[in-house]
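Asker: A single structure is presented below for examination.
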Amino acid sequence: MRLRRHAPADVPPSIDRDVDLEIREHLHRRTRALVAAGATEAEAGRRALAEFGDVSAAREEIGAIDARVDARRRGGWLAQFGRDLRQASRLFRRMPGLAAVVAISLGVGIGVNTIVFSWIESLVLKPLPGVSDAARLKLIEPRAETGSFPGVSWLELKDLQAELTTFESVLAARMVPLKIGEAGRSERKFGQFVSGNFFTALGVRPALGRLIVESDAAEAGGAPVAVLSYEFWQAHFEGSPAVVGQPLRVNDRPLTVIGVTPEGFIGTMSGVSFDVWVPGTLAPVLQPGSMELASRGIRGYSAMGRLKRGVSMADAQADVDALSRRLAAAYPSTNRTVVAEVREFWRTPRGPRQFLVSALLTLQAAMLILMLAICGNTATLLLARATSRTREMAVRLALGAGRARIVSLLLAESTLLALAGAAIGIVLTIFGTEMLRNDLGSLPRAFPLKFDTNLSGLGVMVAAALAFAGAALFGIAPAFQLARIAPTASLRISGTAVARNRLRDTIMAAEVALALMVLVVAGLFFRSYRQTIDTDPGFDRAGVALSAYELRGPAAQPGATRTFIADLLDRLRALPGVESAAVAVSVPLDIHGMPIRRFTLEGHTRPDGEDEEALTNTVTPGYFETMRMPIVSGSTFADMRDASAPPQAVVNEEFVRRFADGRQILGRRIENGARTFTIAGVVRNSLYESFGEPPTPMLYFSYRDRPTPTGEIHVRTRAGQETRLLPDIQRLVRGIDADLPVFNPRSLSGHVDSNLFYRRIPARMFIVLGPLLLALTAIGIYAVVSYAAARRTTEVGVRLALGATPRRVVTELLGETMRVVALGAVVGWIAAWWFTGRVDAAVYATVPIALLLVAALACWVPARRATRIDPLTALRQD
């Protein structure tokens with residue numbers, strides 16, 4: 001077959017003749033070998049041509065040379081790269097299996113990275129939907145001596161607004177549960193008490209009417225107005241403009257609706273959706289008895305603001321520190337041990353975001369390493385494939401293609417594979433973010449969580465950037481390897497002789513190292529999650545049904561509250577299947593934590609003379625029995641109707657360890673506020689705010705001594721029967737007070753699971769990605785060994801003919817690859833330890849063993865297959 005007549009004028013005739021002769025010689029030699037092996041001449045000719053396969057490449061290259069000549073006149077390198085992309089599409093037809101593996105693996109890597117990024121975008125880059133430039137908001141967070149962040153008081157907010165000079169404005173808000181609607185038809189919703197400049201400082205404009213302004217919050221009990229969320233307006237008023245000016249009953253008080261927020265705005269606690277906003281000066285009206293407008297000790301507001309132009313975080317922190325010192329000097333009883341921190345908005349110490357952001361940042365780093373491992377795997381596959389394309393590229397080079405032309409063509413192929421992976425990744429992102437939102441929506445929770453994690457334009461750009469970066473990472477190595485070959489020498493090289501490829505081994509080792517890093521991180525996440533699930537929280541979470549209530553009006557008075565709770569507990573304990581019942585203000589492991597109180601203990605004095613602090617909960621008699629929290633010493637609380645017993649407190653073991661000073665704790669008095677309580681008992685330590693927390697002092701008070709209008713009903717029944725009991729609890733409460741809303745019914749197990757959600761996200765992702773990464777690594781190693789063994793067929797045949805056993809040949813082939821794999825595993829093991837800073841013997845031992853076993857199997861299969869060839873057949877193939 002003559003190619004001469006197809007060559008353009010700019011191809012050197014000598015090169016053209018050499019290539020023609022080389023092609024003809026190779027085809028003739030291969031045809032003779034096949035005929036000698038028993039094939040007919042016609043069949044041998046067809047097989048030789050098919051095996052060579054590069055005549056089409058030669059024709060293709062001759063056409064490309066003509067196209068390049070035209071391209072110089074018409075479009076330059078960009079037009080040529082476009083033609084290379086079209087030509088590279090042949091890759092999907094020539095090797096569909098390899099193309100599919102590469103595209104799918106890249107799609108998974110791009111998809112999981114984009115899913116995690118979409119969450120980071122919603123929590124860090126765009127933390128407040130509906131607020132422009134929300135990332136510029138900075139938090140001002142007072143920090144107590146215990147390390148907790150109790151928020152600012154209303155009076156402190158006024159000080160911040162008046163004295164801070166580094167902020168454009170300072171605003172504040174706090175979450176508050178509200179009963180909305182007429183008697184008998186009310187429902188519980190969540191709103192925010194806000195400062196008068198709340199909406200103007202955020203730059204939020206109304207969708208309807210007007211929003212709260214400074215004059216609405218100028219004085220205590222100020223303007224009785226309310227602003228509705230867009231979603232609440234649509235759901236309850238069908239989007240009617242007539243809602244402005246209408247009365248809205250909130251906590252049994254009439255307020256006037258003055259406006260509606262824009263669509264998408266949910267408030268200033270990222271991830272939590274609110275329905276109503278009212279001026280903070282209405283707190284005494286909507287919560288009778290509230291002293292928050294007059295007391296500096298009542299905190300809870302989250303303060304924030306935008307820095308002035310040119311002001312740094314350090315300047316703002318210095319400004320806040322100076323004010324904290326002035327407040328400590330002026331109000332030592334409430335501010336002496338309180339300092340304040342200026343934080344980025346996404347670093348809030350409260351709400352669901354604090355649990356999620358740190359996990360997401362760690363997960364994003366792990367997913368980027370996963371992407372690198374996938375790129376390494378793809379580079380290994382393409383390098384193995386490049387070995388069989390040496391003759392094709394030699395033909396192209398001999399026909400006049402420059403080395404840049406080879407690089408361009410191969411990078412075009414890599415770009416097509418990466419774009420296919422990006423398309424798959426975007427589809428995975430769309431479904432993945434939806435699945436995570438649905439998972440979040442199924443959680444039992446005390447307030448409505450909402451995350452805007454849709455795939456945005458920025459997310460698409462990230463997916464595209466990952467695709468192009470990946471194409472460069474895994475495409476450059478094979479491109480430059482093939483571009484450096486010597487055309488004439490490559491055409492003469494036998495198809496069975498091949499040298500070790502150091503570049504390929506280096507990339508394989510790097511791939512194994514990265515894969516081991518990701519697998520170790522996956523193992524640590526999963527182990528942490530499993531250990532958390534198996535952790536004894538200090539109480540029995542199975543078999544407890546929970547429901548919340550909130551008394552209003554005359555029923556919220558102390559005497560009426562005691563009577564209501566005593567009657568409620570009697571009726572609950574009489575229900576069929578109920579073992580015990582109790583009421584508590586707080587539930588352990590709740591996402592917004594437990595209150596902290598300052599106290600003094602009889603016989604214990606701090607060196608600095610200050611009060612001590614401990615977490616607190618107010619509970620009824622029977623609480624410890626219902627939660628199955630053992631009493632270590634002493635007794636539980638007196639009966640709710642016992643008026644003769646003195647005010648009591650129960651403490652935990654950590655409280656005793658820290659504050660008892662080695663003396664008997666029972667009978668000692670605790671002063672909190674203006675009241676004195678006698679310690680009646682000691683209960684075992686448990687978890688209170690989060691898994692993994694250190695032992696924390698806990699102080700329990702009784703509803704009998706501190707009647708509170710809010711409560712969480714706890715009812716113990718047989719495990720698995722909690723949900724069946726919930727309708728009975730609601731019906732029983734309504735029987736006592738028909739207008740009393742009972743909300744947030746759930747089981748204690750479900751409540752605890754909601755605390756685990758932010759650990760479960762990465763654990764679930766790694767459960768899927770770990771085996772997938774192992775499979776991809778095995779495919780890469782299998783491909784390398786398979787191609788290498790195929791290229792060494794003659795060598796294997798000679799060794800078998802000279803007496804080598806198949807086992808020895810397999811062992812040597814296996815050893816060559818496993819040395820590279822082991823080196824990569826050692827590097828990855830060290831890097832994983834440095835990256836995580838954690839040592840878990842089970843993970844650090846199991847993961848490398850599993851990876852090495854998978855790699856050994858991936859090596860053994862092609863090596864074993866290579867030794868099954870007949871030595872004489874192998875020798876005839878040259």
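Asker: In percent, what relative contact order does the range 617-730 have, based on Cα pairs under 8 Å that are 6 or more apart in sequence?
Answerer: Details: 158 pairs, mean separation 39.8, N = 114.
Here the relative contact order equals 35 percent.
Asker: Residue 816: accessible area at probe 1.4 Å, nearest 10 Å²?
Answerer: It works out to around 50 Å².
Asker: Could you look at the range 657-705 and say what percent of its accessible area is carbon and sulfur, using a 1.4 Å probe and all protein chains?
Answerer: Details: 960 of 2100 Å².
Result for the range 657-705: 46 percent of the exposed heavy-atom area is carbon or sulfur.
Asker: How large is the accessible surface of residue 782 in square angstrom, using a 1.4 angstrom probe and rounding to the nearest 10?
Answerer: Per-residue accessible area (residue 782): approximately 80 Å².
Asker: From the protein chains alone at 1.4 Å, what is the descending order of accessible area for 473, 852, largest first?
Answerer: Details: 473 100, 852 60 Å².
The residues order as 473, 852, largest area first.
Asker: Which sequence of 684, 185 reflects their accessible areas, 1.4 Å probe, from the largest down? Each step should come with its number before you reach the end.
Answerer: Details: 684 80, 185 175 Å².
Heavy-atom accessible area, descending, gives 185, 684.
Asker: Here is a follow-up. Between residue 33 and residue 795, how many nm apart are label points set 7 Å from Cα along the C-beta direction?
Answerer: Between residue 33 and residue 795, the label points sit 1.6 nm apart.
Asker: How much of residue 534 can a 1.4 Å solvent probe reach, expressed as accessible area in Å² and rounded to 10?
Answerer: Solvent-accessible area, nearest 10 Å²: 110 Å².
Asker: So how far apart, in nm, are the two label points at residue 605 and residue 684 if each is 7 Å from Cα heading toward Cβ?
Answerer: 3.7
Asker: So what is the accessible area of the range 682-734 per residue, in Å², with the probe set to 1.4 Å? Working shown, then result.
Answerer: On the way: 1970 Å² over 53 residues.
That works out to 37 Å² per residue.
Asker: Given points 7 Å out from each Cα along the Cα-Cβ axis, report the residue 326 to residue 249 separation in nanometres with one decimal.
Answerer: 4.7
Asker: Next up: Ordering 153, 749, 635 by how much accessible area each has at a 1.4 Å probe, largest first, what is the list?
Answerer: Details: 153 0, 749 35, 635 60 Å².
Heavy-atom accessible area, descending, gives 635, 749, 153.
Asker: Carbon and sulfur atoms: what percent of the 1.4 Å accessible area of the range 533-594 do they account for?
Answerer: 54
Asker: Next question. Using the per-residue mean of other Cβ atoms lying within 10 Å as a proxy for protection, in what order, highest first, do the peptides 856-866, 616-626, 454-464 fall?
Answerer: Details: 856-866: 19.1, 616-626: 21.8, 454-464: 16.3.
Put in order of decreasing packing, that is 616-626, 856-866, 454-464.
The values are calculated or read from the model by the stated rules, or taken from the named source; none is laboratory data. All values derive from a computational prediction rather than experimental measurement. A quick note on method: Cβ atoms are made from the backbone with ideal geometry, for glycine too, and the neighbour counts reach across all protein chains shown. Ligands, DNA and RNA are excluded from the accessible area calculation, which covers all protein heavy atoms including side chains. Shrake-Rupley method; radii C 1.70, N 1.55, O 1.52, S 1.80 Å.
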